[in-house]
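Nothing in this text is a laboratory measurement; each read-out follows from the coordinates by a stated rule. If you're wondering where the values come from, they're calculated on a predicted model, not measured in any experiment. Quick reminder, even Gly has a Cβ in these numbers, built from the backbone with ideal geometry, and neighbours come from all protein chains shown.
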Amino acid sequence: MKDTLKVTGHINFKLYSDDGSLKDERDINNLVVTAGKNYLAAWLAAASQSDYFMKYVALGEGLTAAQATDTTLETELSTRVIGTISSSTNVWQNQASFGPGVNTGDVTEAGLFSDPTTGTMLARQVFGVITKSAGDTLQVTWQISIS
């Protein structure tokens, strides 16, 4: 008998204007990178975990397609945000909010990280431009499914 464990990711982006109206919404599958899979295996094998798993979400302006060998975003914007971590049956979730004035510009890539400035990247995806103005809020809901 052969058992296979599959780790996949999905991102939902919701862009809200300063008056709270929804300007844009995207649902995108993402790539779980090799370094992230290795980190997950080591984290699961640790005698104890001192912190939440992959609690930082980063945005960037890179355009190069995501590849399994990626370890960082191509052109990361200045601020990583700590998300709210939750889980349900076979799904781990990180929900982060980039408020007004945080990482404004043409967002084209996103990544999940273990650290606020460096660390290991679990997943990355490149997508069509989401233009985040100074007054906008971008809500990112990232789900990792284990099946």
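Would you mind stating whether Gly128 is over 14 Å from the mean Cα position of the chain (by Cα), over 16 Å from Leu31 (Cα atoms) and not basic (Lys, Arg)?
Details: over 14 Å from the mean Cα position of the chain (by Cα): yes; over 16 Å from Leu31 (Cα atoms): no; not basic (Lys, Arg): yes.
No; evaluated as a whole, the condition is false for this residue.
What pairs come up if the first residue lies in the stretch 114-134 and is at positive phi, the second is part of a strand (DSSP E or B) and not polar (S, T, N, Q), and their beta carbons are under 9 Å apart, counting only those six or more places apart or on different chains?
Matching pairs, first to second residue: Gly119/Tyr56; Gly119/Phe113.
Is it the case that Thr8 is of a type in the set (S, T, N, Q), surrounded by fewer than 17 Cβ atoms within 10 Å (Cβ to Cβ) and in a loop (DSSP other than H, G, I, E, B)? I'd like the intermediate steps shown before the answer.
Working: of a type in the set (S, T, N, Q): yes; surrounded by fewer than 17 Cβ atoms within 10 Å (Cβ to Cβ): yes; in a loop (DSSP other than H, G, I, E, B): no.
So Thr8 fails the test.
Asp19: surrounded by fewer than 18 Cβ atoms within 10 Å (Cβ to Cβ), over 19 Å from Asp115 (Cβ atoms), within 14 Å of the chain's Cα centre (by Cα) and without any contact (Cβ under 8 Å) to a residue 40 or more places away in the chain, yes or no? Talk me through it step by step, then tell me what you get.
On the way: surrounded by fewer than 18 Cβ atoms within 10 Å (Cβ to Cβ): yes; over 19 Å from Asp115 (Cβ atoms): yes; within 14 Å of the chain's Cα centre (by Cα): no; without any contact (Cβ under 8 Å) to a residue 40 or more places away in the chain: yes.
When the stated conditions are applied, Asp19 does not pass them.
Please enumerate the residues belonging to the stretch 21-62 that are over 22 Å from Asp106 (Cβ atoms) and not hydrophobic (A, V, I, L, M, F, W, C). Spell out how you get there, then give the answer.
Of the residues in the stretch 21-62, the ones over 22 Å from Asp106 (Cβ atoms) are 32-55.
Correct list: Thr34, Gly36, Lys37, Asn38, Tyr39, Ser48, Gln49, Ser50, Asp51, Tyr52, Lys55.
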